[in-house]
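Following: one structure in structure tokens, then a few remarks.
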């Protein structure tokens, strides 16, 4: 028997067939010759080309969207970022002005004078309508006339969210500015902090669209609270937050959806 080794490797048979594992002569050389009929395939790590308008690096897909969609995107941005997009192109300034105003004082400078100046400039520059207006409650307490003027701005017409966010720097309360509840018919979410809500004010309120209400460090009577959250005042209320409120030690909730 012939010992295994190179000399015992089976050769090409008379029928011209190749044994398994045996390459035809010249196969290596043939695979090294590029096929001119085939285009080179880019590797997965290669960046796509933007030549010919096919899309890829450098293609601005965002600016190709309709103004209505761009307006919805801008309305979801923070106040700071929404203001920055105006520097991209003149078209973006038009889009910011056409989108509902989302003004959050938490995105603006902390100092009262700088914050007040920024809010005033935004309200003067934006035609409305308003989507969200959020300012720290200490401005409501310490600068009621300024806040009242802001709330009367046409830029906030149709406001859907009003948030006097709680401020740890202020421990006193005051009645809300007279224009606070001019949005009662359109509000969907409201947060009132560090306010005195007298009975005469609450009795006149009606929030037909309000679904979320938060009262934090608010002073109001038991009767006013029950009136404010009643089905006649807030017929579609879904979520109620009471935090550190005074003047009411018992709460009765009667849901119109109970069966």
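Bear in mind that the values in this text are calculations on the coordinates, not laboratory data. Computed from a predicted model, the values in this text were never measured in an experiment. Ideal geometry is used to build each Cβ from the backbone, glycine not excepted, and the neighbour counts take in all protein chains shown.
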Fill in: Calculated log₁₀ intensity ratio I(q)/I(0) where the Debye formula runs over C-alpha points of the range 102-259, q = 0.08, 0.09 Å⁻¹
-0.22, -0.28
Worksheet, complete the sentence: Within the range 140-161, the residues whose backbone N lies under 16 Å from a label point placed 7 Å from the Cα of residue 182 along the Cα-to-Cβ direction are 144-161
Worksheet entry | Angstrom value of the Kirkwood radius, inverse mean 1/r, which spans all Cα pairs in the range 187-259 | 12.3
Item to complete: Compute the length gained on full extension between residue 196 and residue 243: take 0.36 nm times their separation in residues and subtract their Cα-Cα distance, giving the result in nm to one decimal.
Response: 15.5 nm
Practice prompt. Could I have the simple spin-label model distance between residue 125 and residue 110, label points 7 Å from Cα toward Cβ, reported in nm to one decimal?
Written response: 2.4
Worksheet item: Just the C-alpha atoms of the range 115-201: what Rg/Rh do they give, with Rh taken as the Kirkwood radius?
Response: 0.94
